[in-house]
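The values are calculated or read from the model by the stated rules, or taken from the named source; none is laboratory data. Note that the structure is a prediction, hence the values are computed from the model and not measured. So basically every Cβ, Gly included, is an ideal-geometry build from the backbone, and we count neighbours across all protein chains shown. Note: areas computed on protein heavy atoms with side chains; ligands, DNA, RNA excluded. Shrake-Rupley method; radii C 1.70, N 1.55, O 1.52, S 1.80 Å.
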Amino acid sequence: MKTNTKTMTYREYYDKVYGCFLGKCIGGTAGGPAEGRKELLDFPLNEELLHQTLPNDDLDLQIMWLELIDEVGFDITARDMAREFYDKVPYGPGEYAFFKKNYARGIYPPISGSFNNPYYKNGMGCPIRSEIWGCLFPGARDLIRKYVEMDGSLDHERDSIDAEYFLAVLEGELFFTNDLRGAIESALADISPESKLGRVLRDTIKWYDEGLDWRVTRGLILRHYGHADCTNMYQNLGFIMISLLYGKGDFRETIRVGLACGYDTDCICATAASILGIIRGADKLLNEDGMTDTGLAVEVRTKRKNGSIADLAFDVCNAGISAGKAFESTVNIIDYPENYIPISTSCRIPAITVEAVYDGAPILKTDKRTSLGLAFKNNTDASVEVKIDITSPNEIEFTPSELSIKLNAGERFIQPCEASLKPEAKTLCQQNIFNVKMSGSFGTLTDSFGLVGCDVWYRFGPFLENIKDLTYLPPHEGYGAHFKLLADENGYDVTREYHLGGIADINHEFVSEAEPFVDIANDGRAECIPERVELGEDLFDTADIQEYDGAHIDYLLRKLISPDERDVEIAVGHTAPFKLWVNGKLIGMSDKTKWWTCENMHFSVKFKRGENTIILKCAQQSNHAEYSVIYRINANRWNQYADFTSVLLDRE
């Protein structure tokens, strides 16, 4: 019989779980209106906001995980969670959108959160999902780590996953102590001091211990760990620590200070208030602090759409009781109510599983083989013989497509494989799903994996321009006198810039840009000979796709096939000027230099069914220029298309 070393009465357990989610809802609503403001917001707390309900993904996704466990038991996998996320989360901001695009292309966890997600991979989207794991598995770091790894890897990478783990461990520790500082130090012991996450947490504590004003500590966090993205995890974890330490156990002041820090205020306030809610418990929050059970407003596609926070806490506790019975390391809940409903603990793991192990990025190019491995695992206690059939998209060759293997009990075997686009293929789709069928004495099992087909562009350039145009001047004449200096120009400066530099003027037409601008005529100039460029990820640097050192203009042309007529929102990220044409029409431009985000500018267009022509004019004005072109589902809350196909113009 299993015996837990830690025991807690149901009354104690429920009070802390209810306090946790009560704090989550109250703090999230209090911080919601200011989300994204990055200035110091040192104002009195608005009491009315503490007694209202606003929808918040911080809580919604945890309700989704609870429902998944209720339905299938604790033996869930990252793929189960990914499927739930993809099917039930209607919105797609930031990292959520990139996960969903990856998932649609067969790129599953643990790399779905890191691949092609440079801007949001260390965001707040998974640290805000920590409470469910701390409440289900208080004190059980092994279980918290297992579930957090699955959860966080969907849409984030290492430091954000570790931040979720840190918060969940901290929250779990507080079921056994009300010593906040001791629980923080205990949870911090598992976070590497060399990591950026470990440094921001330890520095924030150090600055607090040195007696610095919280506003100074906030400024130091931004100086050393700040990021332009309001949802970036590093600064926001520091701000959570500020609110907890400087709030000194006062529920309202904790929320007020977290809100005053700005940036991802709903996440800061919701997380800090949930932690303090565990310490104080629901009874004190409701009766001593005068808080209100504001109820729920759930936006994900789950069965629970509203209801009281008390009812949610009851269901979390119900699952927590089963966790205590199933796992040695977590707490044993005693004196629980008679209406407890056991959660399934039966094993759902298939006899044989397969996972794609990529050798580098999971991308497919036109003229290069992609190497990867397929890892087959025997999850039974007996040896099995497995016949394997792999079905590829029509234009892709995959080897081997058939094989037979014998796996001993518990054995994991990696089969080296290669994929390549067939030489006769005229297109390359970004969505390439490979189906794996495994047959044996265990029956027939199926699974899939994907490779992302590169976005294929054709580059024309470099087109060059100097600071002065002397093309009319014969070479035997001295040219200095022809510079025609302006009143404020230094002749020597102009001469040296003429010799050493150059310019990239986005408004200079190096080829005819008269509409409809759908092609670039090859007039015999080397610049007009197309050069194929294959981009496996959205973000690219013009310095990486050409070899000219200096300011210049490139035209990038892509012909893509849309499966149907679509309303598309094109999000252009850029650090340098650009112009963008779609099907011959100029739809947008910028002559500004910016900090790159994946959505600096947005343009609404209509794609035709079939072939569409995209032309991006890039101005590399310094040693590099970064761009990205992302196709979002218009009016569908930032989700992205994942099934466009590039036409291979040099294979036509």
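From largest accessible area down, sort Trp214, Trp638; use a 1.4 Å probe on the protein chains. List each step's numbers first, then the result.
Details: Trp214 20, Trp638 110 Å².
Descending accessible area places them as Trp638, Trp214.
For segment 437-553, what is Rg from Cα atoms divided by 2.2 N^0.38 Å, rounded to two decimals?
The reported ratio for this selection is 1.82.
Enter the mean projected area of the convex hull around the alpha-carbon atoms of segment 4-62, in nm², rounded to one decimal. Can you show the working numbers first?
On the way: hull surface 25.6 nm².
Orientation-averaged projected area of the Cα hull: 6.4 nm².
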Handout entry: Of Ile69, Thr177, Pro33, farthest towards positive along the dipole that unit charges on Lys, Arg, Asp, Glu beta carbons give the chain
Key = Ile69
Exercise for the section: Give the shape of segment 8-112 as rounded, prolate or oblate, defined through the alpha-carbon gyration tensor: a ≥ b ≥ c are the square roots of its eigenvalues, a/c under 1.5 means rounded, and otherwise the shape is prolate if a/b is larger than b/c and oblate if not. Expected result: oblate
Handout entry: Separation of alpha-carbon centers, segment 32-74 and segment 193-261, rounded to whole Å
Key = 19 Å
Completion exercise
Distance in Å, no decimals, from the C-alpha centre of segment 426-442 to the one of segment 122-143 is 34 Å
Problem - Amide H partners (placed H, <5 Å) of Ser448, local residues excluded - result: Val436
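First check a/c for segment 312-375, with a ≥ b ≥ c the square roots of the eigenvalues of its C-alpha gyration tensor; if it is under 1.5, answer rounded, and if not, answer prolate when a/b is larger than b/c or oblate otherwise. List each step's numbers first, then the result.
Details: a/c = 4.27, a/b = 3.38, b/c = 1.26.
Prolate shape, in that a/c is at least 1.5 and a/b is the bigger ratio.
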Problem - Normalised contact order of the chain, rounded percent, pairs of Cα under 8 Å and 6 or more residues apart - result: 16 percent
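Assuming R0 = 41 Å, what is the FRET efficiency of Thr292 and Thr597, from their Cβ-Cβ distance, to the nearest 0.05?
Numbers: r = 38 Å, r/R0 = 0.92.
Computed FRET efficiency for Thr292 and Thr597: 0.60.
For segment 89-226, calculate the relative contact order in percent as a whole number, restricting contacts to Cα pairs under 8 Å that are 6 or more residues apart. It would help to have the intermediate numbers written out before the result.
Working: 166 pairs, mean separation 28.2, N = 138.
Dividing the mean separation by the residue count of segment 89-226 yields 20 percent.
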Fill in the blank from the handout: With all protein chains in place and a 1.4 Å probe, Asp650 shows an accessible area in Å² (nearest 10) of 80 Å²
Problem - Length added when fully stretched, Gln52-His499, from 0.36 nm per residue minus Cα-Cα - result: 154.4 nm
Problem - For segment 323-459, alpha-carbon Rg and Dmax in angstrom - result: 20.8, 71
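So what's Rg/Rh here for the chain, counting alpha carbon atoms and using the Kirkwood radius for Rh? Present the calculation step by step, with values, prior to reporting the outcome.
Working: Rg = 28.5 Å, Rh = 27.6 Å.
Reported Rg/Rh (Cα atoms, Kirkwood Rh): 1.03.
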Practice task
Rounding to the nearest 20 debye, state how big the charge dipole of segment 1-75 is about its Cα centre with +1 on each Lys and Arg Cβ and -1 on each Asp and Glu Cβ.
Solution key: 420 debye
Practice task
Express as a percent, rounded to the nearest 5, the fraction of DSSP beta bridges in the chain (both residues included) that run antiparallel.
Solution key: 95 percent
Handout entry: Straight-distance crosslink candidates among lysines, where the alpha carbon sits under 21 Å from Lys585 and sequence neighbours closer than 8 are dropped
Key = Lys559, Lys606, Lys608, Lys617
Exercise for the section: Quickly rank 540-547, 134-141, 470-477 as a protection proxy: mean count of other C-beta atoms within 10 Å, highest first. Expected result: 134-141, 540-547, 470-477
Completion exercise
Looking only at lysines whose Cα falls under 23 Å of Lys484's and that sit 8 or more positions away or on another chain, we get Lys468
Exercise for the section: Give the dimensionless ratio obtained when the Cα radius of gyration of segment 210-277 is divided by 2.2 N^0.38 Å. Expected result: 0.99
Problem - Heavy atoms of Glu465 accessible to a 1.4 Å probe, total area in Å² rounded to 10 - result: 50 Å²
Exercise for the section: Provide the packing ranking of 516-525, 240-249, i.e. peptides ordered by the mean count of other C-beta atoms within 10 Å per residue, highest first. Expected result: 240-249, 516-525
Handout entry: In Å, descending, principal axis extents of the Cα set of segment 155-271
Key = 36, 33, 27
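Counting only heavy atoms of protein chains, what accessible area per residue, in Å², does the chain have with a probe of 1.4 Å? Please report the intermediate quantities before stating the final value.
On the way: 26480 Å² over 652 residues.
Per-residue value: 41 Å².
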Exercise for the section: Pop a pseudo-label 7 angstrom from the Cα along the beta-carbon direction at both Asn507 and Leu649 and give the gap in nm to one decimal. Expected result: 2.7 nm
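Determine the alpha carbon to alpha carbon distance for each of Lys121/Lys579; Lys88/Lys368; Lys426/Lys594; Lys101/Lys121 and list only those over 25 Å. Provide the component values of the computation, followed by the final result.
Working: Lys121/Lys579 28 Å; Lys88/Lys368 37 Å; Lys426/Lys594 37 Å; Lys101/Lys121 14 Å.
Where the Cα-Cα span goes over 25 Å, the pairs concerned are Lys121/Lys579; Lys88/Lys368; Lys426/Lys594.
For segment 506-652, just say rounded, prolate or oblate: build the C-alpha gyration tensor, square-root its eigenvalues into a ≥ b ≥ c, call rounded for a/c under 1.5, and beyond that prolate if a/b exceeds b/c, oblate if not.
Verdict is oblate for segment 506-652.
Calculate for the chain the 222 nm mean residue ellipticity that helices alone would give, adding -39,500 (n - 2.57) per DSSP H run of length 4 or more and normalising by residue count, nearest 500 deg cm²/dmol. Mind showing how you got there, number by number?
Details: 15 runs with 206 residues, N = 652.
Result for the chain, helices only: -10000 deg cm²/dmol.
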Exercise for the section: Determine how large the accessible area of Ser401 is when every protein chain is in place; take a 1.4 Å probe and give Å² rounded to the nearest 10. Expected result: 50 Å²
Problem - Those residues of segment 235-272 whose amide nitrogen sits under 13 Å from the label point placed on Arg37, 7 Å along Cα→Cβ - result: 256-266
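Taking the alpha carbon gyration tensor of segment 77-184, what are the square roots of 5 times its eigenvalues, largest first, to the nearest whole Å? Write down the numbers at each step before the final one.
On the way: eigenvalues 143, 35, 23 Å².
Three semi-axes, in Å: 27, 13, 11.
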Problem - Modelled FRET efficiency - R0 25 Å, Thr77 with Asp564, Cβ distances, 0.05 increments - result: 0.15
Handout entry: Electrostatic dipole magnitude of the chain [Cβ: Lys, Arg +1; Asp, Glu -1; Cα centre; debye, to 20]
Key = 800 debye
Problem - Charge dipole (the chain, unit charges on Cβ, about Cα centre) - positive-most of Ile242, Ala419, Ile334 - result: Ile334
Practice task
List the lysines whose Cα lies under 18 Å from the Cα of Lys146, skipping any in the same chain that are fewer than 8 positions away.
Solution key: Lys325
Exercise for the section: Just the number, please: carbon plus sulfur as a percent of the accessible area of the chain, 1.4 Å probe, no ligands or DNA/RNA counted. Expected result: 49 percent
